[in-house]
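For reference, the structure is listed below as structure tokens.
The values are calculated or read from the model by the stated rules, or taken from the named source; none is laboratory data. Since we're looking at a predicted model, the values are computed, not measured. Here the Cβ positions follow ideal geometry from the backbone for every residue, glycine too, while neighbour counts run over all protein chains shown.
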Amino acid sequence: MPRRNEPLERSCALTRNVRPVEEMIRFVAGPDGVLVPDLKRRLPGRGVWITASRDAVAAAQKKKVFPRALKDGSVRIEGDLAEQVDNLLERSALNAVSLARKAGEVLAGFSKVEAALRGQEVIGLVQARDGGDDGARKLAAIARARFADAGTCRMIGCFTSTQLDLALGRSNVIHAALLAGRAGENALVRIEELERFRSGSDNDPVSGTHGVPAANDGAGNAVIQD
């Protein structure tokens, strides 16, 4: 959530569209001049805002948007910036899943997940992307049958079994269920941020609206809000 008195929208330095801050990623130059992603929007200094998609971040790096927006040609980008953001979002999502487990809002194992889908408030069905198809299809069918009308159970397949093992503190995790509750819902938010970044979705996941053009300075340059 935005901090108190923080603007609710920002303009993308690449696309010049205005979007809610939840759909943007802020970048700042560190003390050593290296550009870093500021996912929590707390680091000091002038920020550059880019639409939160892998394609947008990669394009911004390729087109040298960041030095121009910061008006600082000495700003350096080390490595693949989009990959850095992806890794940070993935780590944040897995950490949130781990916290949800500690809060008792994640169940793992085929039998437990199947039982939860039939009788508990499941908000996310997690299937390891390198797991078998048969069990995944059966659980997905149960989830669709029960939650089809409400549309409240998300299908999640962005993690490997090894990643789920580490997050949930057990071995051979292929299936897991995120349950309703503060920790489970926070984990789902973090997962959706990761999935949107990777998919490059242009939609507002809540309202379904698209970004709108930002104001400019009269010379065709987007106004950078900070």
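For this structure, a couple of remarks:
- Residues satisfying the criterion are absent from segment 173-181 (criterion: assigned to a helix (DSSP H, G or I) and touching a helix residue (DSSP H, G or I) at 6+ places or on another chain (Cβ under 7 Å)).
- Checked against the criteria, residue 189 counts as touching a helix residue (DSSP H, G or I) at 6+ places or on another chain (Cβ under 9 Å), at pLDDT 95 or above and surrounded by fewer than 18 Cβ atoms within 10 Å (Cβ to Cβ).
- Inter-residue pairs, beta-carbon under 6 Å, first of a type in the set (Gly, Ala, Ser) and surrounded by fewer than 17 Cβ atoms within 10 Å (Cβ to Cβ) and in segment 150-173, second at pLDDT 95 or above and assigned to a strand (DSSP E or B), 6+ apart: 157/127
- Within segment 161-183, the only residue that satisfies the criterion of being touching a strand residue (DSSP E or B) at 6+ places or on another chain (Cβ under 7 Å), of a type outside the set (A, V, I, L, M) and closer than 14 Å to residue 127 by Cβ is 175.
- Selection count where residues are over 18 Å from residue 199 (Cβ atoms), in contact (Cβ under 8 Å) with a residue 12 or more places away in the chain and not basic (Lys, Arg), scope segment 58-79: 10
- Meets criteria (in contact with a strand residue (DSSP E or B) (Cβ under 7 Å, 6 or more places away or on another chain), in a helix (DSSP H, G or I), modelled with pLDDT of 95 or more and among the aliphatic types (A, V, I, L, M)) for residue 126: no
- Screening 85, 48 for residues that are under 27 Å from residue 18 (Cα atoms) and in contact with a Pro (Cβ under 6 Å, 6 or more places away or on another chain) leaves exactly one candidate, 85.
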